[in-house]
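The values are calculated or read from the model by the stated rules, or taken from the named source; none is laboratory data. Fair warning: this is a prediction, and the values are worked out from it, not measured in the lab. All Cβ positions, glycine included, derive from the backbone under ideal geometry; neighbour counts span all protein chains shown.
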Amino acid sequence: MAIRRTLRLAAAIAVALLALASLAAADVYFQETFESGWEDRWVKSDWKKDENMAGDWNHTSGKWNGNPEDKGIQTAEDYKFYAISAEFPEFSSKDKTLVLQFSVKHEQKLDCGGGYVKLLSGQVDQKNFSGETPYSIMFGPDICGYSTKKVHVILSRNGTNHLVKKDIPCETDQLTHVYTLIIRPDATYSILIDNKEKQSGSIYRDWKILPPKKIKDPNAKKPEDWDDKEYIPDPEDKKPEGYDDIPKEIPDPDAKEPEDWNEEEDGEWTAPTIPNPEYKGPWTPKKIKNPNFKGKWKAPMIDNPDFKDDPDIYAYSNLRYIGIELWQVKAGSLFDNILICDDPEYAKKFAEETWGKHKDAEKAAFDEDEKKREEEENKDVDSDIDDEEEDDTDADSDGAKKSESDAKSESDVKEDKEQPQEDKEKPHDEL
Ligand SMILES: *[C@@H]1O[C@H](CO)[C@@H](O)[C@H](O)[C@H]1NC(C)=O
Ligand SMILES: *[C@@H]1O[C@H](CO)[C@@H](O)[C@H](O)[C@H]1NC(C)=O
Ligand SMILES: *[C@@H]1O[C@H](CO)[C@@H](O)[C@H](O)[C@H]1NC(C)=O
């Protein structure tokens, strides 16, 4: 017994050491959990300040959370632009895996706004960081109305921003979610949400950074004798004898000459005609599979003469800043646990240790909050009904209040359409 337990303990220790060893191997370029002192590491931009449109950040764990001590930074005010960034020792991702990870919780039930981060290269004036500042990678969720609910992955190359061609849906609830982007030196990538892979593939294929490696041969022609008819009329099928003699219409067998029919006055009685149930239309032979069917003709693929490989398509040579630059109609997006490293395993563990540890408690806190809110709302409805019964003037003033808030939500919608659209189109226009 004792020996077996010791062995088991030894095995457990070995596993733990192995895990630590692999963690120790990771290069961590930047890791931010927003403990005290975060304000010394982050620079708030002056962008939009003179127009009084620059939003501030709250250092908070939010209205619902799994641990009130675990704070991040949250967009604090509605209808504001946000721009904040942090610097880290410059590094190149050449020959390395690049992992960019962060968590975001949209407590405000985000209806239109970004929840993404940007990696910037070279020299950036952080006080002047803005929507115009060139970036290398933009990654994270973006929500606007019903149509936009996706994870952006924009890779910038030689001054051009390239959007991922795949549609990657983002989370839309009001809980914390972890977004992970992995770019490997073999030019493959993975996108994870909450440590689960949602998309993966090749940068060559899923971005239009370089022209395609292979194209359809533009000079190829379908051979004359290529049979691409899948079905043909059955040559064995013969028209049955007498088929064409079947009339389309026949006299109604149920019709009877009316009793008061006068042949002298009305002429000879004939029964009205009805469609003949035996009549099946013009004869066509039945169709059979064509034994000579060769499939649909496709032009053969050839090497694209316009393709010039860039073996460093995945690499960024002087990454140096992480930034958050957003427009928000409704504030409340809480960012936390930002990580830039070269090891997906490390990132996975980091997510488990942070988000993973608190997510259930956060969900419970959220459900509790929702329940309270619903109860409050029901109480309001009840007292509204009481008011109406007791006093007409009260009901009137309630109505006035309501239409006021209606008007506000309408202007919200308008803002949604105008402001962010312009902001949102930006990456597209740069294409
Ligand atoms: C940020 O903090 C201020 C001051 O406590 C508060 O009034 C505001 O509602 C907070 N913002 C959000 C989005 O919770
Ligand atoms: C701030 O950034 C903008 C856009 O990138 C640029 O045009 C402008 O020159 C910068 N201003 C300063 C003072 O660097
Ligand atoms: C970027 O520009 C460099 C230098 O002109 C070139 O070698 C490289 O192939 C370009 N890469 C892409 C992805 O366009």
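C112: among the hydrophobic types (A, V, I, L, M, F, W, C) and without any contact (Cβ under 8 Å) to a residue 60 or more places away in the chain, yes or no? Taking the combined requirement at face value, the residue does not satisfy it. Exactly one residue out of D306, D310, D254, D260 is touching a Pro at 6+ places or on another chain (Cβ under 9 Å) and among the charged types (D, E, K, R), and it is D306.
The residue list S411, S333 contains one member that is under 31 Å from the mean Cα position of the chain (by Cα), hydroxyl-bearing (S, T, Y) and at pLDDT 95 or above, which is S333.
Does G332 qualify as being surrounded by 17 or more Cβ atoms within 10 Å (Cβ to Cβ) and at positive phi? It is true that G332 is surrounded by 17 or more Cβ atoms within 10 Å (Cβ to Cβ) and at positive phi. Look through K105, K127, K150, K118 and report the one residue that is of a type outside the set (D, E) and within 16 Å of ligand 1 (Cβ to nearest atom). Among K105, K127, K150, K118, only K105 is of a type outside the set (D, E) and within 16 Å of ligand 1 (Cβ to nearest atom).
Can you find a residue in region 176-190 that is in contact with a helix residue (DSSP H, G or I) (Cβ under 8 Å, 6 or more places away or on another chain), within 16 Å of ligand 1 (Cβ to nearest atom) and more than 24 Å from P305 (Cα to Cα)? Yes, region 176-190 has at least one match. Condition check: exposed (fewer than 10 other Cβ atoms within 10 Å of the Cβ) and of a type in the set (K, R). Does K239 satisfy that? Judged against the criteria, K239 is not a match.
Among the residues of region 271-286, is there at least one that is touching a Gly at 6+ places or on another chain (Cβ under 8 Å), in contact (Cβ under 8 Å) with a residue 40 or more places away in the chain and not hydrophobic (A, V, I, L, M, F, W, C)? Taking every residue of region 271-286 in turn, none turns out to be touching a Gly at 6+ places or on another chain (Cβ under 8 Å), in contact (Cβ under 8 Å) with a residue 40 or more places away in the chain and not hydrophobic (A, V, I, L, M, F, W, C). If you check T270 against the conditions, is it of a type outside the set (A, V, I, L, M, F, W, C), exposed (fewer than 13 other Cβ atoms within 10 Å of the Cβ), modelled with pLDDT under 90 and in contact with a strand residue (DSSP E or B) (Cβ under 9 Å, 6 or more places away or on another chain)? The answer is yes for T270. Taken residue by residue, region 159-179 has no member that is closer than 19 Å to D343 by Cα and among the small types (G, A, S).
Taking the listed residues W226, W207, the one that is of a type in the set (F, W, Y), within 16 Å of ligand 3 (Cβ to nearest atom) and touching a Lys or Arg at 6+ places or on another chain (Cβ under 8 Å) is W207, with no other qualifying. Go through region 214-236 and give me each residue that's surrounded by 11 or more Cβ atoms within 10 Å (Cβ to Cβ) and either under 30 Å from T270 (Cβ atoms) or of a type in the set (D, E) (or both). Selection gives D217, D227, D228, E230, D234. The residue that is surrounded by the most Cβ atoms within 10 Å (Cβ to Cβ), among those in region 124-170 that are away from ligand 3 (no atom under 16 Å from the Cβ), free of Cβ contacts under 8 Å to residues at least 60 places away in the same chain and more than 14 Å from the chain's Cα centre (by Cα), is D125.
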